[in-house]
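Here the structure comes first, spelled out in structure tokens, and everything after it is commentary.
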Amino acid sequence: MNFFTALESAPAFTITTIGIFGLLIGSFFNVVIYRLPKMMEANWREECEYLLNDGEPSTPPAPATEFNLAIPNSHCPSCNAPIKAWQNIPVLSYAVLRGRCANCKVSISLRYPLIEVITALISIIPLLIFGITPYAFAIILFSWLLLILTIIDIDHQLLPDQITLPLLWLGLLYNSIFGHIPITDALWGAMAGYMILWSVFWLFKIVTGKEGMGYGDFKLLAALGAWLGWQYLPLIILLSSVVGAVCGGLILALNRKSTSTPMPFGPYLAGAGWIAVFWGDAIIDGYLGFAGLR
């Protein structure tokens, strides 16, 4: 009996366990989403100071507090009180504390438990749709990385290479080993995904003199192409463009901002890619049937 056969023999237990693990890993994702951009900004600042000083050290800097995904320990951003282990239980702690810091009683953002719940859901859905298979677990990882990218892009209009590039290579690696799609389709998907948005970027810049999107968007679409193949790129681009135009327009209107206000495109690409994984075939078949092409 192999590993997946053992898991399939107790589907309810497997799905429940993965859901609970999704809550736990979602708590860690909150840390990544908050800290990774700050770590990148600190690194950029150091590089700029180095270049401005022609590679020579400036006045000795004050000792910096170590800051990474593990250090310092979780604490309240308002009063700096350390968060105890029982106060860090996903969702449950938020409910027990009624959404407030145990020390200073300042409100805790509802986003933290929401991300934990969303992570649990996107961990369960692949198992329900694809069964307890290697592909389902691969899509769980795919979904996790898309979620992190989505929230970071919403917060900072930034798609870190530390996540987009591993997502791309994991797609190529999975398809090369398991052959869910032909590796040639995955390779062409990665190349075409990058080049399509790269071409749009430069065409828009030549015509308007402005930059319409960031290089992170190119890499994200390349990663989606590596996972799904080049055949799904038109669907992903269409879905992300339509949803982005509608949602972006509503957000700008509700916030009374001009159409020139920068808006992140990564969340729409990620959402379109995630939808394409589960329902892409049905959407394409439905469209072709409606158009009388099938």
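The values are calculated or read from the model by the stated rules, or taken from the named source; none is laboratory data. Note that the structure is a prediction, hence the values are computed from the model and not measured. Ideal geometry is used to build each Cβ from the backbone, glycine not excepted, and the neighbour counts take in all protein chains shown. Calculation scope for accessible area: heavy atoms of the full protein, side chains included, ligands and nucleic acids excluded. Shrake-Rupley method; radii C 1.70, N 1.55, O 1.52, S 1.80 Å.
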By how many nm would the segment from ILE206 to VAL117 lengthen if fully extended, with 0.36 nm per residue of separation less the alpha-carbon distance? 27.7 nm
Could you identify which residue out of PRO267, PRO234, PRO113 has the top mean-square fluctuation in a GNM of the chain using Cα springs shorter than 10 Å? PRO234
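For ASP281 and CYS104, calculate 0.36 nm times their separation in residues minus their Cα-Cα distance, and state this gained length in nm to one decimal.
Details: separation 177, 0.36 × 177 = 63.72 nm, distance 5.12 nm.
Between ASP281 and CYS104, full extension yields 58.6 nm more.
How large, in percent, is the carbon and sulfur part of the accessible surface of segment 209-294 at a probe radius of 1.4 Å? If you can, show how the numbers build up before the last one.
Numbers: 3080 of 4610 Å².
Using a 1.4 Å probe with all protein chains present, segment 209-294 comes out at 67 percent carbon and sulfur.
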Expressed in Å to one decimal, the Kirkwood Rh of the chain from all distinct alpha-carbon pairs is 21.6
Pairwise label distance in nanometres, ALA81 with GLN162, each label 7 Å out on the Cα-Cβ vector: 2.9
Highest-MSF residue in the chain out of PHE142, PHE28, PHE218 [GNM, Cα springs under 10 Å]: PHE28
Leaving out ligands, DNA and RNA but keeping every protein chain, what accessible area does TYR50 have, in Å² rounded to the nearest 10, with a 1.4 Å probe? 130
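Only helices at least 27 Å long along their own axis, judged from Cα atoms, and with Kyte-Doolittle mean hydropathy of 1.0 or greater: name those in the chain from DSSP H. The partial results should precede the final answer.
On the way: long enough: 11-52 (59 Å, 0.63); 111-130 (29 Å, 1.85); 134-156 (33 Å, 1.73); 183-208 (37 Å, 1.30); 233-254 (31 Å, 2.47); 266-290 (30 Å, 0.91).
Span-like helices, by this rule, are 111-130, 134-156, 183-208, 233-254.
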What are the residues whose amide H is under 5 Å from the amide H of HIS75, where those residues sit 5 or more places off or on another chain and H is modelled from the backbone? ILE83
With the 1.4 Å probe rolled over protein heavy atoms, the chain has an accessible area per residue in Å² of 58
Accessible surface of segment 35-189 [probe 1.4 Å, protein heavy atoms]: carbon and sulfur percent: 64
Run the quick spin-label model on ILE20 and GLU66: label points 7 Å from Cα toward the beta carbon, then report their separation in nm to one decimal. 3.2
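About the Cα centre of the chain, what is the dipole size in debye to 20, counting +1 per Lys and Arg Cβ and -1 per Asp and Glu Cβ, all else neutral? Walk me through the intermediate numbers first.
Numbers: 14 positive and 17 negative charges, 202 e Å.
Computed charge dipole of the chain: roughly 980 debye.
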Select from PRO134, PRO126, PRO160 the residue whose mean-square fluctuation is largest in a Gaussian network model of the chain (Cα-Cα springs shorter than 10 Å). PRO134
According to the Kirkwood expression over distinct Cα-Cα pairs, how big is the hydrodynamic radius of segment 176-294, in Å? 15.4
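What FRET efficiency do you get for ILE154 and ARG45 if R0 is 30 Å and r is their Cβ-Cβ distance, rounded to the nearest 0.05? Mind showing how you got there, number by number?
Working: r = 23 Å, r/R0 = 0.76.
So the FRET efficiency works out to roughly 0.85.
Relative contact order (percent) for the chain, with alpha-carbon contacts under 8 angstrom and 6 or more residues of separation?
Details: 314 pairs, mean separation 47.1, N = 294.
This gives 16 percent for the chain.
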